Amino acid sequence: SSDLLEDLTWLEARQRFDAGALVVVPVGAAAKAHGSHLPLKTDALTARALTQRLLERLPVVGAPVLTLGFYPAFEKFAGSQSLSAETFGAVLDDVLGTFAAQGVTRMAVLNTGVSTEKPIDAATQARPNVLVLHMRLLGQAAEPLIEHPEGGHADERETSVMLALDPRSVRMDRLAPARPFELSAATGDPTRATAFKGERLLAARVDDMVGAIATRSEEHTSELQSPYVI
């Protein structure tokens, strides 16, 4: 069955691992500036929600959200936390290595950041059994709903998602087109954000994740069955 790793006992976790369950490692900052209208927890909350929705669709295990990452553009904004690219890559490599040592044969990294993409790609390059899912590339089916597509941070998309997940955390009186990033820690225009758009974005992203995992599973199965693989 589908489960969050933190809710299992170690024996139940071992049972899932021995059965070949895919382990999803979400990456999302617990404290990163998102304009004047979204809370610092935006990425972590999004990563957790996407993981939970994926658990409802597939028999996977969701690891705890990796809440520290490489976010250099945000370091000067109060409260934002960032590791160096090297440290973040080493932490992720240790997390994946520990799971591998415990017998996990299939993993996926769900990344909600942008500056984290390169360190994640580098850390997983030598791990062919790790599927990397960058959120920026997911959910294109919902894009026609977005009225202000420019931006990418604390914009219409992220604000819509937060209105769907935690509406009370959104400072609605502060919704306005972003000032320059260096002054606001935001880009784009969130004023047309709605919870409905957020739900559709989340659903489209989960659909894409399910599709990517299914494709990788088919490749994995064909490799195991191929008489030419030694």
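The values are calculated or read from the model by the stated rules, or taken from the named source; none is laboratory data. None of the values given here were measured: they were computed from a predicted structure. With ideal geometry, Cβ positions are generated from the backbone for all residues, glycine too; neighbour counts draw on all protein chains shown. Calculation scope for accessible area: heavy atoms of the full protein, side chains included, ligands and nucleic acids excluded. Shrake-Rupley method; radii C 1.70, N 1.55, O 1.52, S 1.80 Å.
Please state the charge dipole magnitude for the range 1-40, taken about the Cα centre, from unit charges on C-beta atoms (+1 on K and R, -1 on D and E), reported in debye and rounded to the nearest 20. Show your work: numbers first, answer last.
Details: 3 positive and 5 negative charges, 44 e Å.
With only Lys, Arg, Asp and Glu charged at Cβ, the dipole is about 220 debye.
Report the far tail of the P(r) of the chain, meaning the percent of Cα-Cα pairs longer than 31 Å. Please list the in-between numbers first.
Numbers: 6072 of 26335 pairs.
So the portion of pairs separated by more than 31 Å is 23 percent.
Under unit Cβ charges (Lys, Arg +1; Asp, Glu -1), what dipole magnitude, rounded to 20 debye, does the range 1-135 have relative to its Cα centre? Display every interim value, and only then the final one.
Working: 11 positive and 13 negative charges, 51 e Å.
The calculated dipole for the range 1-135 is roughly 240 debye.
Tell me, what % of the accessible area of the range 30-122 is carbon and sulfur with a 1.4 angstrom probe?
On the range 30-122, the fraction of accessible area on carbon and sulfur atoms equals 57 percent.
May I ask you to derive the relative contact order of the range 108-188, considering only C-alpha pairs under 8 Å and at least 6 residues apart, and to give it as an integer percent?
Working: 72 pairs, mean separation 20.7, N = 81.
Once normalised by length, the contact order is 26 percent.
Going through the DSSP H helices of the chain, which span 18 Å or more along their own axis at the Cα atoms while scoring at least -1.0 as a mean Kyte-Doolittle hydropathy?
Working: long enough: 42-55 (20 Å, 0.18); 85-101 (24 Å, 0.95); 195-225 (45 Å, -0.35).
Once both thresholds are applied, what remains is 42-55, 85-101, 195-225.
What's the long-distance tail for the range 94-230, i.e. % of Cα pairs beyond 26 Å?
Working: 3583 of 9316 pairs.
Tail of P(r) above 26 Å: 38 percent of Cα pairs.
Of the residues Thr124, Thr51, Thr215, which exhibits the maximal mean-square fluctuation in a Gaussian network model of the chain defined by a 10 Å Cα contact cut-off?
Among Thr124, Thr51, Thr215, the largest mean-square fluctuation in the Gaussian network model of the chain belongs to Thr215.
Please list, in chain and number order, the residues 5+ apart from Gly188 or on another chain whose amide H is under 5 Å from its amide H, with Hs placed from the backbone.
Ala178
Using amide H atoms built in the peptide plane, which far-off residues or other-chain residues are under 5 Å from Val132 H to H?
Val109
Send over a whole-number figure in Å² for the accessible area per residue of the chain, probe 1.4 Å.
On the way: 11310 Å² over 230 residues.
It amounts to 49 Å² per residue over the chain.
Going highest first, how would you order 20-26, 68-74 by mean Cβ packing within 10 Å?
On the way: 20-26: 22.4, 68-74: 20.1.
The peptides rank, most packed first, as 20-26, 68-74.
Most fluctuating residue of Leu40, Leu202, Leu183 in a GNM of the chain with Cα springs under 10 Å: which is it?
Largest GNM mean-square fluctuation: Leu183.
For the range 46-152, rounded, prolate or oblate, judged on the Cα gyration tensor with a ≥ b ≥ c (square roots of eigenvalues), a/c < 1.5 rounded, else prolate if a/b > b/c?
Details: a/c = 1.90, a/b = 1.16, b/c = 1.64.
In terms of gyration-tensor shape, oblate.
Once amide H atoms are built 1.01 Å from N in the peptide plane, which residues 5 or more positions from Gly20, or in another chain, come under 5 Å H to H?
none
Run the numbers on the chain and let me know its relative contact order in percent, using alpha-carbon pairs under 8 Å that are six or more apart. Write out the running numbers ahead of the final one.
Values: 431 pairs, mean separation 48.4, N = 230.
Across the chain, relative contact order equals 21 percent.
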